[in-house]
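So the structure is just underneath, and the comments pick up after that.
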Amino acid sequence: MTQIERMADEVAQFCKERDWDQFHGPKDLAIGLVTEASEVLEKFRFLSESEALEVFQDSEKRTELEDEIADTLFFILRFAQRHKIDLEKSLTAKIAKSAAKYPIEKARGSNRKYDQL
Ligand SMILES: [Mg+2]
């Protein structure tokens, strides 16, 4: 069993014990994923770049951020587990697509979109 599968099983068990399958259709899980990702973003709202980096030095703020990242990961794992998405395969396939769009010789050191390289 891979680490990702182990984590997905942990999430599935947590939800099964609470009878939450009934609430975890794709729409609700997508809403949960974006909501939790927005809570990550909220931690940096109105901060300068240097202030954003300071979040990681403050143990209370860092823990809050770790919680929101974990919430986001929870929904990614749950979405994949409920709807049979192989996360490792999907990530590998997507990185291959991105590598084709962003060849190293053109993309290195650039933050331009692939159609503007
Ligand atoms: Mg949250």
Any chance you could run the full-extension gain for Asp115 through Ala70? It's 0.36 nm times the residue separation minus the Cα-Cα distance, nm to one decimal.
-> 12.9 nm
Based on the Cβ-Cβ distance of Glu17 and Ser98, what FRET efficiency does E = 1/(1 + (r/R0)^6) give at R0 = 25 Å, to the nearest 0.05?
-> 0.10
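Return a whole-number percent for the relative contact order of the chain, with Cα pairs under 8 Å and 6 or more residues apart as the contact set. Please report the intermediate quantities before stating the final value.
Details: 54 pairs, mean separation 39.1, N = 117.
Relative CO of the chain lands at 33 percent.
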Taking a cut-off of 17 Å between Cα atoms, list the lysines near Lys61, but don't count ones fewer than 8 places away on the same chain.
-> Lys43
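With r as the distance between the Cβ atoms of Thr2 and Asp28 and R0 = 30 Å, compute the FRET efficiency 1/(1 + (r/R0)^6) and round to 0.05. Numbers along the way, then the final one.
Numbers: r = 26 Å, r/R0 = 0.87.
Using R0 = 30 Å, I get an efficiency of 0.70.
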What lysines could a cross-link reach from Lys89, if we take a straight Cα to Cα line under 29 Å and drop same-chain neighbours fewer than 8 places away?
-> Lys16, Lys27, Lys97, Lys101, Lys106, Lys113
Just the number, please: carbon plus sulfur as a percent of the accessible area of the chain, 1.4 Å probe, no ligands or DNA/RNA counted.
-> 55
Take every Cα-Cα distance within the chain, group them into 5 Å bins from 0 onward, and report for each bin the whole-number percent of pairs it holds.
-> 2, 10, 14, 15, 14, 17, 17, 8, 3, 1, 0
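Per DSSP H run of at least 4 residues, take -39500 (n - 2.57); add these up for the chain, divide by its residues and hand me the 222 nm value, nearest 500 deg cm²/dmol.
Numbers: 6 runs with 81 residues, N = 117.
Computed mean residue ellipticity for the chain: -22000 deg cm²/dmol.
Taking a ≥ b ≥ c as the square roots of the Cα gyration tensor eigenvalues, with a/c under 1.5 meaning rounded and otherwise prolate when a/b beats b/c, else oblate, which class fits the stretch 30-71?
Details: a/c = 3.69, a/b = 1.61, b/c = 2.29.
Note, shape of the stretch 30-71 comes out oblate.
The values are calculated or read from the model by the stated rules, or taken from the named source; none is laboratory data. Note that the structure is a prediction, hence the values are computed from the model and not measured. No Cβ is skipped: glycine too gets one built from the backbone with ideal geometry, and neighbour counts run over all protein chains shown. Quick note on the areas: whole protein, heavy atoms, side chains included, nothing else; ligands and nucleic acids left out. Shrake-Rupley method; radii C 1.70, N 1.55, O 1.52, S 1.80 Å.
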